[in-house]
1. Would you work out what percent of the accessible area of the chain, with all protein chains in place, is carbon or sulfur (probe 1.4 Å)?
2. Roughly how many Å² is the accessible area per residue of the chain, as a whole number, for a 1.4 Å probe?
3. Anything in the chain that counts as a DSSP H helix reaching 15 Å or more along its axis (C-alpha) with Kyte-Doolittle mean of at least -0.5? List them, would you?
4. Taking amide H atoms as placed 1.01 Å from N in the peptide plane, list the residues 5 or more away in sequence, or in a different chain, whose amide H sits under 5 Å from that of HIS134.
5. Evaluate the charge dipole of the chain about its Cα centre and quote only its size in Debye, nearest 20, assuming +1 on the Cβ of each Lys and Arg and -1 on the Cβ of each Asp and Glu.
6. Quick one: ranking MET114, MET48 by accessible area, 1.4 Å probe, largest first, what do you get?
7. Using alpha-carbon pairs under 8 Å, 6+ residues apart, how would you state the relative contact order of the chain in percent?
8. Tell me what the chain gives for mean residue ellipticity at 222 nm when only DSSP H runs of n ≥ 4 count, each as -39,500 (n - 2.57), the sum divided by the residue total, rounded to 500 deg cm²/dmol.
Amino acid sequence: MSTLSEHVDLRNDLIRLVTSRLLDPLEILLPQADLDGLRQSVRADADMWAAQLLGPRDEVARQVVVRLMTVLYPGDTPFDPPESWWATPLGRVTARRAGHPSRDHVSLGTAGAMLGITRQGVHDLVNRNKLLRHPDGGVAVESIRARLGLRRDQ
């Protein structure tokens, strides 16, 4: 169950991201455009996205994550965020609801960032079979999601 502060933090992060990545560049490119209506829409939609991302329906949350990643982080290569990104409100909910946007396994460092623990903590969890080692190296993203889900349910 999500908290109100988690919802507010996520909503504010989404507003900040959409504004800085989409609306601000539009304002620079089209200085005569009236973007006030879009800014209001972003505030309302960010509230809805946060509710969907934190809500009970996994499939809806995954679809919202995919849409947001596609629009907010476009590029010719798969999105591979820095470890610090996983500590953001969108990063935390992405890890829990969708895992890594473009990988089925990650390094111990990235796994630690996704879980909010140290690399050594991940190593200990792998050695205790609390996280699954991926056959190609690193940690299986599904086991990270499962671990985050367990934490959430407690």
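The values are calculated or read from the model by the stated rules, or taken from the named source; none is laboratory data. A quick note: this is a predicted structure, and the numbers were derived from the prediction, not measured. Cβ placement follows ideal geometry from the backbone for every residue including glycine, while neighbour counts extend to all protein chains displayed. All accessible areas refer to the heavy atoms of the entire protein, side chains included, with ligands and DNA or RNA removed. Shrake-Rupley method; radii C 1.70, N 1.55, O 1.52, S 1.80 Å.
1. Roughly 53 percent, rounded to a whole number.
2. Spelled out: the 1.4 Å probe surface of the chain, per residue, equals 58 Å².
3. Working: long enough: 4-18 (21 Å, 0.07); 36-54 (27 Å, -0.21); 58-72 (21 Å, 0.81); 141-153 (18 Å, -0.62).
Within the chain the helices that satisfy the rule are 4-18, 36-54, 58-72.
4. The list, which skips near neighbours in sequence, is VAL139, ALA140.
5. Approximately 660 debye in magnitude.
6. Sorted by accessible area, descending: MET48, MET114.
7. Values: 162 pairs, mean separation 30.8, N = 154.
The normalised contact order for the chain reaches 20 percent.
8. Numbers: 8 runs with 94 residues, N = 154.
About -19000 deg cm²/dmol.
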